[in-house]
Amino acid sequence: MKKLYYTILATAAALTTASCVDLLNTAPENQIASENMWTTPELALKGMNGLYETFYNRKQSNGTQVRSENLDGLNKYGIEALGFCTDYYANNYPIYLLYNQAKRANDWQLAHEWRFCYTIVHAANDAVTNLHKAGLDAPTYERYLCEARFLRAWAYSRLNKFWQGVPVYLEPISNEQCTRTQESAEYVWREVVLPDLKYCIDNASFPDNTLGESNFGRPSKGAAYALRGMAYMWLKEWQNAANDFEQVGQCGYDLWRGEYIDFFSPDNERDNEMIFAIQYDEESGYCDNIQQAVGARDTYGGWDEVKPASDFVDYYQNDDGTEFKWSQVTGLENWDQLTPRQRAVFFCRDGLKSNAKLASQKTQAIGICGQDIFDRYYLDNGNEARIKAAYDKRDPRLKQTIVTPYEPVDCFTAGLNGDENMIGKQLRWPLYLQGTSGGDFWLDKRTSAYYCYRKYVRFLKGELIDRQRCYTDFPLIRYTDVILQWAEALIELNEFTPAKNLIDQVRARAWLVVAVELAELVIAVPFAFLSARINPNGTNLAGIDANVALFGSVLLIYGVFNVVFLPVFYKTAIRAGRAFLLAVIPMTVLMVLVEALSHFPVVGPYLDATDAAGQVRQLPVLAVGLAAFALLSWLAYRKAAKNYERVDL
């Protein structure tokens, strides 16, 4: 499916060699020795593919818990556990980096990051030093050299962000030679990362992008601009950062234009949004186990160890752009006066009082929120509807990203429901029965209520072979990253704000709609004159003839269309169909009304006149239509800009 995998398999991890004493074996017996690897073009290609071996997890059959014996490849889950968006279930392997104030130098996650990055560095150094021996043509040699130097820059960037200065090795070394001391963070940026990326950017043989079939997934000049811009951000060189981020789009990369949640799927992983990613497919060994880490029991038997943080979910605004507050939800007015444990009462399922089968679930709920709180706030019929309302009028990306309480979910787990999809399950709490269709959406940890991700999770039968055979590429650099950091650089320069940057994009697109409408009218004018010339008495039995009143009416209709279409569309900037349908409704009503008026006494002859004197008398209709068009279009633009300013790229 992806040619890169098969050539990596042939390489047999030839370059996954060491960086420091006791961490790696620089000369494994089952690999091609470095002095032989770079002797032919065929071996050089395998060697270049082998540079990516380090990114892959070869221990994923051990599970997804962040344990020292499980860590391999890119440590996605351990790093995600340290972030704002995610809660992590650490079981009996606590993530000390997360909650210990003093960080231990020998922490196994730190040791893994050190080993992971220096393995990439060592392999890249080997390629940079020996590629000239392979007998490659000049363009291929230069492209390979840029690729290796980009990966080395990426690894040193990651190291420098963690440690703020590390030992620097730019040539192949043995374990015994790993004795250099720490360089400063600025030295690593200026003497290692920036020179490597400059070499890539200045090299004519390095492609602007790798979006084509022949070299998809490889580093590119656009990726080098993005990574260098990020390095400049760390150095607080805002103008240089902004300049580099601007160049990324010039290299062919762009924002994803479809539905937000659809981007995180195999069907769309090759979009122009994706700059540099870890590629996966269904071949064993080149799969990911993100479904096992993120999915619930009802989605291919996931362990839901990586789950959305409640604070992160609360940050999703209301659908009108206002800040979401729990205390503004009907029935939850006392939310802020309750403790987190007491608030659990609002999330309880219906029937805990009336259904004897739920007696143990009632006891579980009271044990958390307290008897007095349960008696005061619990609704035996309506508790589910009350909490569900808190999610119903929110930013639409909330439900695209998160499984929210009491929202029907279709899902699949092998062996359940006759090995078919289960329809309409709901995230209820306390959980009672996994069941089949209509049952509880089953979590792996069932002692408390929590959210689950939809992002990166496959829900239906046939989307995966199993939970450890995931094949959605994992982005390391997206164009969204570039846009957000570019906006930050502009803020630091006091030139623009992100809001103005977004509003400028709206201005260009919103006024394009207006320009097209006006162009249609301008094109129609000569045909109106031609109609009057050919048929001066007018014989349009269906409605108004082509005259001044018609143009005034059309301007009014266009204004009404704009005031509905533009604000609705720019709530997401991706759903043109829904916005268009909503705008067409009042537009159609007005069209029918205007055409019908031409058949009424007094009004009809006035609106339908085609002689010169009659059309002069119609000028007030044109003036009102023009004023309404201008006012409504301006209001539409203002509202659209405000809506789009809140769009999360």
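The values are calculated or read from the model by the stated rules, or taken from the named source; none is laboratory data. Keep in mind that this is a model prediction, so the values were computed, not measured. Methodologically, a virtual Cβ is constructed for each residue, glycine included, from the backbone with ideal geometry; neighbour enumeration extends over all protein chains shown. In case anyone asks, the SASA skips ligands and DNA or RNA and just uses the protein heavy atoms, side chains included. Shrake-Rupley method; radii C 1.70, N 1.55, O 1.52, S 1.80 Å.
Tabulated data
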| read-out | value |
| --- | --- |
| Selection from Tyr406, Gln426, Tyr451, by position along the positive dipole direction of the stretch 400-480 (Cβ) | Tyr451 |
| Pairs from Lys393/Lys445; Lys388/Lys425; Lys357/Lys388 whose Cα-Cα separation, in the structure shown, is over 18 Å | Lys393/Lys445; Lys357/Lys388 |
| Under 5 Å, built H, 5+ apart or other chain: amide partners of Tyr453 | Val403 |
| Chain lengthening between Ser327 and Ala627 when straightened (0.36 nm per residue, less Cα-Cα) | 103.7 nm |
| Anisotropy class of the stretch 551-621 from Cα gyration tensor, a/c 1.5 cut | prolate |
| Peptides 585-597, 624-636, 544-556 ordered by average Cβ neighbours within 10 Å, highest first | 544-556, 624-636, 585-597 |
| Protein-only accessible surface order, largest first, of Arg143, Arg228, Arg578 at 1.4 Å | Arg578, Arg143, Arg228 |
| Å³ per residue enclosed by the Cα convex hull of the stretch 254-303 | 98 Å³ |
| Ile278 long-range amide H proximity, modeled H, under 5 Å | Phe474, Leu476 |
| Shape of the stretch 292-362, Cα gyration tensor, a/c cut at 1.5 | oblate |
| Per-peptide average of other Cβ atoms within 10 Å, ordering 242-248, 373-379 highest first | 242-248, 373-379 |
| The stretch 443-453 - phi-based ³J(HN,Hα) in whole Hz, Karplus 6.51/-1.76/1.60, Gly and Pro as x | 9, 7, 9, 10, 8, 8, 8, 7, 7, 10, 7 |
| Cβ crowding within 10 Å averaged over residues, with 249-261, 316-328, 343-355, 45-57 ranked highest first | 45-57, 343-355, 249-261, 316-328 |
| Cβ-Cβ FRET estimate between Tyr606 and Asp320, R0 fixed at 45 Å, reported to 0.05 | 0.60 |
| Amide hydrogen neighbours beyond the local backbone of Asp87, cut-off 5 Å, H modeled | Lys307, Ala309 |
| Straight-distance crosslink candidates among aspartates and glutamates, where the alpha carbon sits under 15 Å from Lys307 and sequence neighbours closer than 8 are dropped | Glu80, Asp87, Asp298, Asp444 |
| Simple spin-label estimate for Gln182 and Asp311 in nanometres, 7 Å along Cα-Cβ | 2.7 nm |
| Solvent-accessible area, 1.4 Å probe, carbon plus sulfur percent, for the stretch 219-321 | 40 percent |
| Cβ charges +1 (Lys, Arg) and -1 (Asp, Glu), total dipole of the stretch 168-234, debye | 160 debye |
| Shape category assigned to the stretch 346-442 from the gyration tensor of Cα positions, a/c cut at 1.5 | oblate |
| Alpha-carbon gyration tensor eigenvalues x 5, square-rooted, for the stretch 243-377, Å | 42, 24, 12 |
| Using a Förster distance of 35 Å, the FRET efficiency for Leu530-Val584 (Cβ separation, nearest 0.05) | 0.75 |
| Distance between modelled label sites at Cys85 and Asp336, nm, 7 Å Cα→Cβ extension | 2.9 nm |
| Interatomic Cα distance distribution for the stretch 122-204, bins of 5 angstrom, percent | 3, 15, 23, 23, 19, 9, 6, 2 |
| Spin-label pair Ser437/Leu521, simplified geometry with 7 Å Cα→Cβ offset, distance in nm | 5.4 nm |
